Every structure is written in structure tokens, then in C-alpha cells.
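Colleague: Below are the C-alpha cells for one structure; questions will follow.
The values are calculated or read from the model by the stated rules, or taken from the named source; none is laboratory data. Quick caveat: nothing in here was measured; it's all calculated off a predicted structure. Neighbour counts run over all protein chains shown; Cβ positions are idealised from the backbone, glycine included.
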Amino acid sequence: MAVALSRLLVNGVLLAIPIGASLGVLFGIDAYRSNHGQAALFSGDTDGTGSGGSTGSSGSTVTNNGVNSTIYCQLSYGITPASKGEQFTLNPNQWGVTDSTSGALCMNITTFNNETYPTKTTAPEFSVTWQFDPGPETAPVHAFPNIMVDGVLPIELEKMTEIAMDFRWTYGVGDTPAESTNTTDLTANSANFNVAVDMFFDSDKTAAQNSTKAKYEVMVWFAQVGDSTQPNGNQTTTTRKLNGTTFDLWSGTNDVDQYVLTWVATNVTDTFTGDIYPLITDLYELSGDDYPSSTDYMGIFSYGSEVFSSDKNVTFWSPKLSIDIQK
């Protein structure tokens with residue numbers, strides 16, 4: 001949406017769409033715009049500024065009976081829906097997109113006007129539709145669309161007592177959320193992605209809140225789909241079973257010299273209810289500078305999908321998510 005007038009025209013179309021519409025609408029509009037000589041929504045300028053920068057204007061919203069569905073295609077844009085419970089910030093977070101990138105991503109967020117969700121720790125429902133060609137082998141990730149916990153961190157690791165998660169997600173080929181995940185269909189279309197928790201630790205509470213300055217990045221992968229989707233470093237001998245899911249620990253460093261520790265589920269886990277705090281305590285019981293200390297701080301906790309590449313449009317849907325960090 002590089003031109004203000006075209007943005008207004010698109011918003012006028014979106015306002016006429018019933019609440020049940022999904023990101024698939026965007027692709028129908030793209031076809032219309034292409035046939036009428038207008039710039040596509042899914043073009044290199046997805047930030048809404050007309051400059052290809054990292055921030056942009058707010059998304060296009062459809063409202064029905066107090067329920068809002070808002071689409072954000074910016075490269076990076078923090079969205080913090082008003083809530084009477086836990087605060088969350090969502091972000092398309094297309095940090096790996098450059099001027100030469102082929103593809104695009106949009107995030108759709110559902111919020112309530114009354115600011116009330118099923119529980120105090122329930123996150124807004126969201127979905128992400130994307131398609132990218134493979135990036136360079138040294139930088140294969142294009143984005144990490146995610147939802148981040150606000151107002152709770154930083155916390156010293158040893159002062160936590162629980163990180164309770166209750167979620168369900170699906171991934172499917174196409175522009176609309178799938179009822180269930182078909183990994184065979186996804187791999188047949190060369191989809192490469194994970195579904196993960198991403199956390200950052202450091203002995204300094206300020207550094208722990210900076211994703212590039214923190215000493216440790218700790219991830220929990222609940223899905224690893226596609227040959228290109230690989231964790232940093234090498235697999236260790238450490239494993240942990242939680243609620244029927246077995247996780248293997250990988251250890252390595254990234255391009256900013258952070259220690260990266262990744263727990264990878266041995267099977268795709270699209271539903272989970274339980275406490276993932278043991279995956280942290282296991283780390284600070286290991287010896288060596290590669291592993292965090294119990295007195296280090298967690299500064300960031302987010303949940304989403306690292307998107308690598310796909311031959312066709314695919315949609316990640318998070319209809320159920322609760323995160324409760326207790327201390």
C-alpha cells in the first residue's frame with residue numbers, strides 16, 4: 001500500500017467485509033488491484049509508510065458486535081490490545097525482510113471491545129498468512145510474527161515458580177486458518193517454519209530485555225517443519241519430557257555471538273497444557289558459560305512462528321493461548 005489514496009480505497013473495501021472474513025480476503029483484493037493496474041497489498045512496501053521502513057500506520061479493522069478483526073502487513077508494528085487481564089503485544093516482526101526479498105506476510109488479530117477475555121491470562125486470537133522464497137543459507141529466517149508477554153518481566157530465573165502454557169495452534173496451506181495441521185501437505189509445498197517460544201536471559205536486567213544484547217537466547221520449538229528449519233548448533237545429550245512431549249536440547253551461537261539453547265520437540269505438538277519452567281531449571285543446573293545461571297534475568301518471553309520459506313501461501317492460526325508466569 002504505497003500510495004495513501006490506494007490505502008483508503010482498500011480500507012473502504014475491507015469495511016464491507018463481514019467479520020467471518022480472514023486474510024484470504026487480502027489475496028482476492030490483490031487480484032482485483034492487479035487487474036486494475038493498482039499496486040498489490042503484498043508488495044515490497046508492506047509497512048504502510050511508502051518507504052519500506054520498519055514501522056507504519058495501524059491496520060485495517062472490521063468490527064461486528066464488539067469483536068474487531070484487524071489486519072497488519074507492516075514489517076514491524078507493536079500492537080497491544082486493551083485488556084482487563086494479562087497484557088500482550090503482537091508484532092508481524094518481519095525482521096529478515098529486505099528490499100530483495102520475494103514474498104510477504106500479514107497478521108490478523110481478533111480483539112474484544114469490552115477488553116475481557118476468557119481468563120486473566122488469555123491472549124487475543126491471531127493468525128498469520130505468509131509466503132516467502134528461500135533466503136540465503138546464512139540468513140534463512142524472514143520473520144518471527146509473535147505475541148509477547150508484557151508487564152511481568154524482567155524476573156530472576158530462580159524467583160519464578162511456574163510458566164504455565166495452554167495452547168492450540170494449526171498450520172495449513174492456503175489463505176485461511178486450517179482446522180488441523182497436515183504436515184504432509186505442508187512439506188509437499190516446501191513449507192519451512194517452526195512454532196516456538198523465544199526467551200532472552202542475561203545477568204543484567206536491562207540487557208535481558210534487549211533481543212540483541214542479551215547473553216542467552218532460549219527457545220522451545222513445538223514444531224519443526226521443512227528441511228531448512230534447523231536450530232543453531234548441535235544436539236546435546238540432554239532431554240526432558242513434559243506432558244507427553246519429549247524435547248531434545250540443542251546448543252550453539254548465532255551471528256551476534258549469543259549463546260542459543262533450543263529445546264526441540266521430537267514430534268509436532270499443536271496442543272499443550274502444562275508448565276515449561278523445568279526447561280529453564282534444567283539449563284542452569286548444567287555447568288559452563290554456555291548455560292545461564294539461576295540468578296540471571298528473563299527479560300523477554302514471546303510465542304510465535306519463525307517463517308523461513310514456502311512455495312505457496314500458508315496460514316498459522318493461534319485460536320487458543322494462555323501464558324501465566326508465576327513467581
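Colleague: Kindly check whether there is at least one residue in the range 177-197 that is surrounded by fewer than 23 Cβ atoms within 10 Å (Cβ to Cβ), touching a residue at least 40 places away in the same chain (Cβ under 8 Å) and assigned to a strand (DSSP E or B).
Modeller: Taking every residue of the range 177-197 in turn, at least one turns out to be surrounded by fewer than 23 Cβ atoms within 10 Å (Cβ to Cβ), touching a residue at least 40 places away in the same chain (Cβ under 8 Å) and assigned to a strand (DSSP E or B).
Colleague: Under the condition of being on the phi > 0 side of the Ramachandran plot and at pLDDT 95 or above, which residue from the range 211-243 is surrounded by the most Cβ atoms within 10 Å (Cβ to Cβ)? Even if it seems obvious, please write down each step before you answer.
Modeller: Step one: of the range 211-243, the residues on the phi > 0 side of the Ramachandran plot are 226, 233, 243.
When the remaining residues are screened for being at pLDDT 95 or above, the result is 226, 233.
Details: GLY226: 20, GLY233: 17.
Filtering the range 211-243 for residues that are on the phi > 0 side of the Ramachandran plot and at pLDDT 95 or above, the one surrounded by the most Cβ atoms within 10 Å (Cβ to Cβ) comes out as GLY226.
Colleague: Let me ask you something else. With the condition kept exactly as written, say whether any residue in the range 133-144 is in a strand (DSSP E or B), out of contact with any Phe, Trp or Tyr (no Cβ under 8 Å at 6 or more places or on another chain), farther than 30 Å from TYR277 by Cβ and modelled with pLDDT of 95 or more.
Modeller: no
Colleague: Something else about it: Restrict the check to the range 123-131 and report whether at least one residue is in contact with a Pro (Cβ under 6 Å, 6 or more places away or on another chain) and either of a type in the set (Asp, Glu) or farther than 20 Å from ASN91 by Cα (or both). Spell out the reasoning first.
Modeller: Taking the range 123-131 as the starting set, the residues that turn out to be in contact with a Pro (Cβ under 6 Å, 6 or more places away or on another chain) are 124-125, 127-128.
From what is left, the residues that are either of a type in the set (Asp, Glu) or farther than 20 Å from ASN91 by Cα (or both) are 125.
Yes, the range 123-131 contains a residue that is in contact with a Pro (Cβ under 6 Å, 6 or more places away or on another chain) and either of a type in the set (Asp, Glu) or farther than 20 Å from ASN91 by Cα (or both).
Colleague: Follow-up. Please determine, by comparing only the residues of the range 295-314 that are farther than 30 Å from ASP227 by Cβ and part of a strand (DSSP E or B), which one is farthest from the chain's Cα centre (by Cα). If you could, list the steps in order and put the result at the bottom.
Modeller: Keep residues of the range 295-314 that are farther than 30 Å from ASP227 by Cβ, which gives 295-299.
Those still in the list that are part of a strand (DSSP E or B) too: 297-299.
On the way: TYR297: 22, MET298: 18, GLY299: 17 Å.
Among residues in the range 295-314 that are farther than 30 Å from ASP227 by Cβ and part of a strand (DSSP E or B), the one farthest from the chain's Cα centre (by Cα) is TYR297.
Colleague: What about THR129, is it polar (S, T, N, Q), in contact (Cβ under 8 Å) with a residue 60 or more places away in the chain and buried (at least 22 other Cβ atoms within 10 Å of the Cβ)?
Modeller: Working: polar (S, T, N, Q): yes; in contact (Cβ under 8 Å) with a residue 60 or more places away in the chain: yes; buried (at least 22 other Cβ atoms within 10 Å of the Cβ): yes.
So THR129 passes the test.
Colleague: Also: Output the residue which, of all residues in the range 81-111 that are crowded, with 17+ Cβ neighbours inside 10 Å and hydrophobic (A, V, I, L, M, F, W, C), is nearest to VAL67 (Cα to Cα).
Modeller: Only one residue fits best here, namely ILE109.
Colleague: So if I check each of PRO177, PRO154, which one is under 26 Å from THR122 (Cβ atoms), touching a helix residue (DSSP H, G or I) at 6+ places or on another chain (Cβ under 6 Å) and at pLDDT 95 or above?
Modeller: On the way: PRO177 fails: touching a helix residue (DSSP H, G or I) at 6+ places or on another chain (Cβ under 6 Å).
Going through PRO177, PRO154 in turn, the sole match is PRO154.
Colleague: Additional query: Restricting to the range 198-227, name every residue that is part of a loop (DSSP other than H, G, I, E, B), farther than 19 Å from ASP324 by Cα and of a type outside the set (Val, Ile, Thr). Quick ask: steps written out before the conclusion?
Modeller: Within the range 198-227, the first condition is being part of a loop (DSSP other than H, G, I, E, B), and the residues that meet it are 203-204, 209-215, 226-227.
Applying the additional criterion that residues be farther than 19 Å from ASP324 by Cα yields 203-204, 210-215, 226-227.
SER203, ASP204, ASN210, SER211, LYS213, ALA214, LYS215, GLY226, ASP227, listed by residue number.
Colleague: Could you list, in sequence order, the residues of the range 315-327 that are in a strand (DSSP E or B) and farther than 12 Å from PRO145 by Cβ?
Modeller: Within the range 315-327, the subset in a strand (DSSP E or B) is 315-326.
Residues satisfying the conditions are PRO319, LYS320, LEU321, SER322, ILE323, ASP324, ILE325, GLN326.
Colleague: Only residues in the range 277-296 that are within 14 Å of PHE247 (Cβ to Cβ) count as the first member; pair them with residues that are at pLDDT 95 or above and in a loop (DSSP other than H, G, I, E, B), Cβ under 7 angstrom, at least 6 apart or cross-chain, and list the lot.
Modeller: That search, which allows pairs on different chains as well, returns TYR277/MET160; LEU283/TYR291; LEU283/PRO292.
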